1. Could you list, ordered by first residue, the pairs with Cβ atoms under 9 Å in which the first is in the range 6-27 and assigned to a helix (DSSP H, G or I) and surrounded by 15 or more Cβ atoms within 10 Å (Cβ to Cβ) and the second is at pLDDT 85 or above and basic (K, R), at least 6 apart or interchain?
2. With respect to G121, determine if the residue is within 20 Å of W66 (Cα to Cα) and either in contact with a Pro (Cβ under 6 Å, 6 or more places away or on another chain) or modelled with pLDDT of 80 or more (or both).
3. Among the residues of the range 97-112 satisfying the criterion of being assigned to a helix (DSSP H, G or I) and surrounded by fewer than 18 Cβ atoms within 10 Å (Cβ to Cβ), which is modelled with the highest pLDDT?
4. Among the residues of the range 123-154, how many are in contact (Cβ under 8 Å) with a residue 60 or more places away in the chain and more than 15 Å from F32 (Cβ to Cβ)?
5. Condition first: surrounded by fewer than 19 Cβ atoms within 10 Å (Cβ to Cβ) and over 18 Å from V126 (Cα atoms). Now tell me which residues in the range 49-62 satisfy that.
Amino acid sequence: MNERAQAGRMDDEQFEALYMRYADDVLRVSFFYLGDRQQAEDVTQDVFVRLLTHGPDLEPGKEKAWLLKVALNRCRDLWRAAWVKRVVLGSPALELTPAPDQMDDRLEKQELLAAIRRLPGDFRDVILLHYYQGYGIAEMAEMLNVPEGTISSRLSRGRKKLEDILKESGAR
(Lines give C-alpha, C1' and ligand atoms only; values in the text may rest on other atoms or scores of the structure.)
Protein backbone atom coordinates (compact mmCIF):
# COMPACT_ATOMS: atom_id res chain seq x y z
CA MET A 1 0.00 0.00 0.00
CA ASN A 2 1.40 3.42 -0.88
CA GLU A 3 1.93 6.19 1.71
CA ARG A 4 -1.11 8.15 0.62
CA ALA A 5 -3.41 5.13 0.98
CA GLN A 6 -1.92 4.36 4.39
CA ALA A 7 -2.30 7.96 5.54
CA GLY A 8 -5.99 7.99 4.62
CA ARG A 9 -6.76 4.64 6.26
CA MET A 10 -8.39 4.69 9.62
CA ASP A 11 -7.17 2.20 12.17
CA ASP A 12 -9.59 -0.20 13.85
CA GLU A 13 -9.42 1.63 17.17
CA GLN A 14 -10.39 4.99 15.63
CA PHE A 15 -13.19 3.38 13.66
CA GLU A 16 -14.53 1.57 16.74
CA ALA A 17 -14.47 4.79 18.78
CA LEU A 18 -16.41 6.71 16.10
CA TYR A 19 -18.89 3.86 15.69
CA MET A 20 -19.52 3.61 19.44
CA ARG A 21 -19.92 7.37 19.75
CA TYR A 22 -22.06 8.17 16.69
CA ALA A 23 -23.85 5.05 15.40
CA ASP A 24 -27.00 5.81 17.42
CA ASP A 25 -27.11 9.38 16.08
CA VAL A 26 -26.73 8.17 12.49
CA LEU A 27 -29.41 5.52 13.04
CA ARG A 28 -31.79 8.00 14.68
CA VAL A 29 -31.48 10.61 11.91
CA SER A 30 -31.83 7.92 9.24
CA PHE A 31 -34.89 6.51 10.96
CA PHE A 32 -36.54 9.91 11.32
CA TYR A 33 -35.87 10.59 7.66
CA LEU A 34 -37.02 7.23 6.29
CA GLY A 35 -39.52 6.01 8.88
CA ASP A 36 -38.31 2.43 8.49
CA ARG A 37 -36.04 0.77 11.04
CA GLN A 38 -34.50 -1.75 8.63
CA GLN A 39 -33.68 0.88 6.02
CA ALA A 40 -32.23 3.13 8.73
CA GLU A 41 -30.01 0.26 9.88
CA ASP A 42 -28.91 -0.31 6.27
CA VAL A 43 -28.06 3.37 5.88
CA THR A 44 -26.12 3.33 9.15
CA GLN A 45 -24.16 0.33 7.96
CA ASP A 46 -23.49 2.00 4.59
CA VAL A 47 -22.23 5.15 6.31
CA PHE A 48 -19.77 3.28 8.49
CA VAL A 49 -18.63 1.03 5.64
CA ARG A 50 -17.90 4.19 3.65
CA LEU A 51 -16.00 5.60 6.61
CA LEU A 52 -13.92 2.44 6.88
CA THR A 53 -13.29 1.90 3.17
CA HIS A 54 -12.78 5.48 2.03
CA GLY A 55 -10.95 6.66 5.12
CA PRO A 56 -11.68 10.37 4.66
CA ASP A 57 -9.54 12.92 6.48
CA LEU A 58 -11.92 14.06 9.19
CA GLU A 59 -11.16 17.18 11.16
CA PRO A 60 -11.27 16.56 14.89
CA GLY A 61 -14.67 17.63 16.14
CA LYS A 62 -16.26 17.35 12.66
CA GLU A 63 -16.66 13.57 12.57
CA LYS A 64 -20.35 13.60 13.51
CA ALA A 65 -21.11 16.25 10.90
CA TRP A 66 -19.46 14.13 8.17
CA LEU A 67 -21.29 10.98 9.25
CA LEU A 68 -24.68 12.73 9.35
CA LYS A 69 -24.09 14.40 5.98
CA VAL A 70 -23.32 11.03 4.39
CA ALA A 71 -26.37 9.52 6.11
CA LEU A 72 -28.68 12.28 4.87
CA ASN A 73 -27.35 11.91 1.33
CA ARG A 74 -27.95 8.17 1.43
CA CYS A 75 -31.45 8.67 2.90
CA ARG A 76 -32.25 11.14 0.11
CA ASP A 77 -31.16 8.58 -2.47
CA LEU A 78 -33.44 5.98 -0.94
CA TRP A 79 -36.30 8.46 -0.55
CA ARG A 80 -36.15 9.31 -4.24
CA ALA A 81 -36.36 5.68 -5.25
CA ALA A 82 -39.88 4.80 -6.41
CA TRP A 83 -40.34 1.85 -4.09
CA VAL A 84 -39.65 3.95 -1.00
CA LYS A 85 -42.33 6.58 -1.62
CA ARG A 86 -44.82 4.69 0.52
CA VAL A 87 -45.23 6.28 3.94
CA VAL A 88 -46.67 3.83 6.39
CA LEU A 89 -48.59 5.66 9.09
CA GLY A 90 -48.92 3.66 12.22
CA SER A 91 -45.49 2.07 11.93
CA PRO A 92 -43.54 1.71 15.17
CA ALA A 93 -42.00 5.15 14.59
CA LEU A 94 -41.28 5.82 18.23
CA GLU A 95 -39.08 2.80 18.80
CA LEU A 96 -35.94 4.94 18.85
CA THR A 97 -37.32 7.88 20.79
CA PRO A 98 -38.13 7.88 24.45
CA ALA A 99 -41.87 7.49 24.72
CA PRO A 100 -43.92 8.50 27.75
CA ASP A 101 -46.53 6.11 29.03
CA GLN A 102 -49.49 8.23 27.99
CA MET A 103 -51.14 7.26 24.72
CA ASP A 104 -51.97 10.87 23.74
CA ASP A 105 -48.29 11.85 23.89
CA ARG A 106 -47.32 8.86 21.77
CA LEU A 107 -49.93 9.67 19.15
CA GLU A 108 -48.85 13.32 19.08
CA LYS A 109 -45.20 12.35 18.54
CA GLN A 110 -46.17 9.83 15.88
CA GLU A 111 -48.20 12.50 14.06
CA LEU A 112 -45.27 14.91 14.30
CA LEU A 113 -42.85 12.35 12.85
CA ALA A 114 -45.29 11.54 10.04
CA ALA A 115 -45.62 15.28 9.32
CA ILE A 116 -41.82 15.71 9.26
CA ARG A 117 -41.57 12.87 6.74
CA ARG A 118 -44.03 14.74 4.50
CA LEU A 119 -41.77 17.81 4.32
CA PRO A 120 -39.70 18.37 1.17
CA GLY A 121 -36.15 17.04 1.61
CA ASP A 122 -34.37 20.37 2.15
CA PHE A 123 -36.77 21.34 4.92
CA ARG A 124 -36.75 17.86 6.47
CA ASP A 125 -32.92 17.92 6.62
CA VAL A 126 -32.68 21.17 8.57
CA ILE A 127 -35.58 20.30 10.89
CA LEU A 128 -33.96 16.96 11.77
CA LEU A 129 -30.48 18.40 12.17
CA HIS A 130 -31.65 21.35 14.26
CA TYR A 131 -34.31 19.84 16.50
CA TYR A 132 -33.18 16.22 16.75
CA GLN A 133 -29.40 16.66 16.64
CA GLY A 134 -29.04 20.16 18.09
CA TYR A 135 -27.02 21.74 15.28
CA GLY A 136 -26.99 25.51 14.89
CA ILE A 137 -27.42 27.43 11.66
CA ALA A 138 -23.69 27.94 11.03
CA GLU A 139 -22.95 24.25 11.61
CA MET A 140 -25.74 23.15 9.27
CA ALA A 141 -24.61 25.62 6.61
CA GLU A 142 -21.12 24.15 6.69
CA MET A 143 -22.38 20.57 6.78
CA LEU A 144 -24.85 21.01 3.91
CA ASN A 145 -22.59 23.41 1.98
CA VAL A 146 -25.17 26.17 1.64
CA PRO A 147 -25.22 29.78 2.92
CA GLU A 148 -26.41 30.47 6.46
CA GLY A 149 -29.24 32.62 5.12
CA THR A 150 -30.52 29.68 3.13
CA ILE A 151 -30.45 27.48 6.25
CA SER A 152 -32.34 30.14 8.24
CA SER A 153 -34.91 30.43 5.48
CA ARG A 154 -35.32 26.65 5.18
CA LEU A 155 -35.71 26.33 8.94
CA SER A 156 -38.33 29.09 9.06
CA ARG A 157 -40.21 27.84 5.99
CA GLY A 158 -39.90 24.24 7.19
CA ARG A 159 -41.51 25.13 10.53
CA LYS A 160 -44.33 26.91 8.70
CA LYS A 161 -44.89 23.94 6.35
CA LEU A 162 -44.81 21.59 9.32
CA GLU A 163 -47.40 23.70 11.10
CA ASP A 164 -49.60 23.66 7.98
CA ILE A 165 -49.28 19.88 7.64
CA LEU A 166 -50.20 19.41 11.30
CA LYS A 167 -53.20 21.74 11.00
CA GLU A 168 -54.32 19.95 7.84
CA SER A 169 -54.21 16.59 9.61
CA GLY A 170 -55.94 17.99 12.69
CA ALA A 171 -53.00 17.09 14.91
CA ARG A 172 -52.86 20.37 16.81
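The values are calculated or read from the model by the stated rules, or taken from the named source; none is laboratory data. These numbers were taken from a predicted model, which means no experiment stands behind them. Note that we place each Cβ from the backbone using ideal geometry, even for glycine, and neighbour counts take in every protein chain shown.
1. From the range 6-27, the pairs are L18/K64; Y22/K64; D25/K64; V26/K64; L27/R37.
2. So G121 passes the test.
3. Out of the qualifying residues, it is L112.
4. Selection size over the range 123-154: 4.
5. Step one: list which residues in the range 49-62 are surrounded by fewer than 19 Cβ atoms within 10 Å (Cβ to Cβ), which gives 49-50, 52-62.
The answer is V49, R50, L52, T53, H54, G55, P56, D57, L58, E59, P60, G61.
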